[in-house]
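See below for the structure under consideration.
What follows is calculated from the coordinates using simple rules that are stated; it is not laboratory data. Owing to the predicted nature of the structure, the values given are computational and were not obtained by experimental measurement. Every residue, glycine among them, receives a Cβ derived from its backbone with ideal geometry; neighbour counts consider all protein chains shown.
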Amino acid sequence: MSENLSLSKKKIKQGLYLISTPIGNLSDITFRAIEILKSSNFILCEDTRLSKKLFNKYEINSELISNHKFNEKKNLSKITGLLKSGSVISLVSDAGTPGISDPGAILVRECVKNEIEIIPIPGPSAVTAAISISGFSNKFYFYGFFPEKLKNLKEDMNDLSKLNCSVVFFVSSKKLKKIIPFIKDKFLERQILICREMTKYYEEYIRTSVKELDDINIEMKGELTVVISQKILKINTSQELDESDKRIIEIVIDKLSMKEITNLINLKHKVSKKIIYDYCLKLKNEK
């Protein structure tokens, strides 16, 4: 790496760095992320074997510490001790942004409690990547992974269905079929986007309606990022003008523009704008 891009340990603030790493394609990493990782005294990894693939590619040789959901509580004392002694420590998950449905939140809370500086290094995120290509509302609720217990699953699905925004969640491709009946029960009138192997060579994006979810064919491999659209509001638009609408139009036809009349009647009775406009045009032509 060129000299102007390299950083020394002396130039880096002491503290805990939460570093976003690629969600698939190893080229999706920032220069800054590489700099911080290279300059860290220790890197906390969800799975050191997976992280080494990335680190080997970019010649990152900092000391690794295994830090996953089964040992993160046990590691707290050791890691906070290292941070207090002045170490620069980076935290990475297997993919994406650590602490988001991945180990990290417990350590962050402990650092806040001990007034240890926490610095985010932004980058890849499966959540924002999926939302950006969904075409759905950019107001969204990120849920994470669904619980294993059926009762909790049903309760959470019910709560999510009340939200009028996009809903994003993670699910194993092997478990998708099992939760489809619950998705259909609560989100039947919505659209859905299923993202698999994002940024990788065989990436796949399936767009369909929730009604047609049973018809999808998806390879049972990997983790999926799923986006359900906001509520689809149905507007019952009348296909004809009633006599009272016609009388109003006849009264104001010489006082308002056809566009103003169309908007006025449409707002009041939800009659098709084309039908209103055509009636106005008919009256104009008869004069």
query = Around L213, with a cut-off of 10 angstrom between Cβ atoms, what is the net charge of the other residues, counting Lys and Arg +1 and Asp and Glu -1?
reply = 0
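Does the stretch 14-69 come out rounded, prolate or oblate by the C-alpha gyration tensor, with a ≥ b ≥ c the root eigenvalues, rounded set by a/c under 1.5 and, if not, prolate when a/b is larger than b/c and oblate if not?
Working: a/c = 1.41, a/b = 1.10, b/c = 1.28.
Taking the square roots of the gyration eigenvalues as a ≥ b ≥ c, the stretch 14-69 is rounded.
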request  = Name the long-range amide H neighbours of L224: under 5 Å, sequence gap of 5 or more, or other chain; modelled H, no Pro or chain starts.
outcome  = V171, S172, S173
task = Pop out the ³J(HN,Hα) list for the stretch 26-41 in order, Karplus 6.51 cos²θ - 1.76 cosθ + 1.60 with θ = phi - 60°, rounded to Hz; leave Gly and Pro as x.
result = 5, 7, 7, 9, 7, 4, 5, 4, 4, 4, 5, 4, 5, 8, 7, 6
Karplus 3J(HN,Hα) series, Hz, for the stretch 59-70 with 6.51 cos²θ - 1.76 cosθ + 1.60 (x for Gly, Pro) = 6, 9, 10, 5, 5, 9, 10, 5, 9, 10, 5, 8
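Please state the shape class of the stretch 243-286: rounded when a/c is under 1.5, otherwise prolate if a/b exceeds b/c and oblate if not, all from the C-alpha gyration tensor. Intermediate values should be presented prior to the final figure.
Values: a/c = 1.45, a/b = 1.37, b/c = 1.06.
Cα axes put the stretch 243-286 in the rounded bin.
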ask   = Which ³J(HN,Hα) values in Hz, rounded to whole numbers, follow from the phi angles of the stretch 114-123 under the Karplus curve 6.51 cos²θ - 1.76 cosθ + 1.60, where θ = phi - 60° and Gly and Pro get x?
value = 9, 6, 8, 5, 10, 10, x, 10, x, x
Tensor-based shape of the stretch 3-124 (alpha-carbon gyration tensor, a/c under 1.5 rounded, otherwise prolate or oblate) = oblate
query = With each run of n ≥ 4 DSSP H residues scored as -39500 (n - 2.57), what mean residue ellipticity at 222 nm is computed for the chain after dividing by its residue count and rounding to the nearest 500 deg cm²/dmol?
reply = -12000 deg cm²/dmol
